[in-house]
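Q: Here it is: the structure, laid out below.
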Amino acid sequence: MGTIGVFAKITGLSAEVITFFRLMLGAMFMMLFLIGTGNVRLLRQWPSWQVIISGFFLAGFILFYVHSMNYIPMAVAIMLIYLAPLAASVVAHFFMGEKLNLTGFALIIAALFGSVMMMEFSPDLSVISLGSSLGSSKKFIGICFGLLAMIAYAGFIIVTRLIREEIHVHTRTFYSLLTGACVTIPFAVMTIQEVTVSHIPWLVGAGLAPGFLGILFAVIALSRLPAAMFSTIAYSEPVAVAIFGWTIFNESLSLTQMSGCAIIILSGIIKTLKERE
């Protein structure tokens, strides 16, 4: 999932265009995979309303996140979004029978703290203070978009957990990607003229890696793992982004950021080992 930042940075295209091609080409790759493996019959299976809603949440998460960054610093937007795994775990605890014990809760908090360390405790929290000025109004709008992105991400996790077992994960993935792509069409058409021939290979890569493979693996994981365990491991995404920035774009990592990466990875490992007991 974290590779989307690589494709976005290399192409320089708008998030709406990247999101559309990520989801639409991801759905096409999913279809080709099913045809190649002789499982095209799965495309004729009704995906259920949960799958369709998960596609809306998937598109909403990305679009709301992008719009929030137009009003508030990216660090603040990311902090709001990464409350989603914690929120999904709490909802699963109270309403889905997936009890979250003290250890599991502590590990999620530790992973969240690791994410804060990766930003070097730098989010400009002053944006939360509201006033009557135009600047404060814009910040408030950005906070609202960030919260909507968080709700959409948490909704994607929860709704995907609710999908009936008899609906194959390949069916879920295809229709979730397709629905999300259709939702982003009205936003993408306004900036589609940005795309040139040189962008096509990178857009195909975005559809293959974070689109097809990223969403497929996430859907498979959510079909087998409790929300709390998936949420803890999901915090590994910013670690992947940091590593890509370090190895591909020569971005430096401070000791604090590396420590945050270590905390996130360690939390995921401990949570996995605890689930196996």
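Each reported figure results from applying straightforward, stated rules to the coordinates on display, with no laboratory input. Treat the numbers as computed from the prediction; the structure is a model and nothing was measured. Please note: Cβ atoms are built from the backbone with ideal geometry, for glycine as well, and neighbour counts cover all protein chains shown.
Q: In debye to the nearest 20, how big a dipole does the chain give about its Cα centre with +1 on each Lys and Arg Cβ and -1 on each Asp and Glu Cβ?
A: Value, rounded to 20: 480 debye.
Q: By a straight-distance test (C-alpha under 30 Å), which lysines pair with residue 99 as possible cross-link partners, with residues fewer than eight away in the same chain excluded?
A: 271, 274
Q: For a test of the definition: using alpha carbon positions, the gyration tensor, and the 1.5 limit on a/c, classify segment 219-263 as rounded, prolate or oblate.
A: oblate
Q: Among the GluC sites (Glu not before Pro) within segment 154-246, which fall in a DSSP loop and have no more than 10 other Cβ atoms within 10 Å of their own Cβ?
A: For GluC sites (Glu not before Pro) across segment 154-246 that sit outside H, G, I, E and B with at most 10 neighbouring Cβ atoms in 10 Å, the list reads 165, 166.
Q: If I take every Cα pair under 8 Å that is 6 or more residues apart in the chain, average their sequence separation and divide by the length, what percent do I get for the relative contact order?
A: 40 percent
Q: On to the next question. Let's test the formula: R0 of 35 Å, r as the Cβ-Cβ distance of residue 70 and residue 39. What FRET efficiency results, to the nearest 0.05?
A: Calculated value: 0.30.
Q: Let me ask something else about it. Name the most mobile residue of 253, 178, 23, meaning the one with the largest mean-square fluctuation, in a Gaussian network model of the chain with Cα contacts below 10 Å.
A: With Cα springs under 10 Å in the chain, the top fluctuation among 253, 178, 23 is at 253.
Q: Provide, in order from the shortest bin, the percent of all Cα-Cα pairs of segment 141-253 in each 10 Å bin, continuing until the bin that contains the maximum pair distance.
A: For segment 141-253, the binned pair fractions read 11, 32, 38, 18, 1 percent.
Q: Can you name the helices of the chain, as whole DSSP H runs, whose Cα span along the helix axis is 15 Å or more and whose Kyte-Doolittle mean is not below 0.5?
A: For the chain, where a helix must reach 15 Å along its axis and average at least 0.5, the hits are 15-36, 49-68, 84-95, 102-118, 134-162, 169-188, 214-224, 236-248, 255-276.
Q: Looking only at trypsin sites (Lys or Arg not before Pro) in DSSP loops with at most 14 other Cβ atoms within 10 Å, what is the longest site-free stretch of the chain?
A: Result, exposed sites excluded: 165-277.
Q: Next question, about the same structure. If the elastic network links every pair of Cα atoms under 10 Å, which of 57, 145, 113 fluctuates the most in the Gaussian network model of the chain?
A: 113
Q: To continue, here is another question. Pick out which of 184, 196, 173 has the largest mean-square fluctuation in a Gaussian network model of the chain, springs linking Cα atoms closer than 10 Å.
A: Greatest mean-square fluctuation among the candidates belongs to 196.
Q: Tell me the mean residue ellipticity at 222 nm calculated for the chain from its helices only (DSSP H runs of n ≥ 4, each -39500 (n - 2.57), averaged over every residue, nearest 500).
A: Mean residue ellipticity, 222 nm, calculated: -23500 deg cm²/dmol.
Q: OK, next. Provide the three semi-axes, in whole Å and in decreasing order, of the ellipsoid equivalent to the chain as defined by the square roots of 5 times the Cα gyration tensor eigenvalues.
A: One finds semi-axes of 28, 25, 19 Å for the chain.
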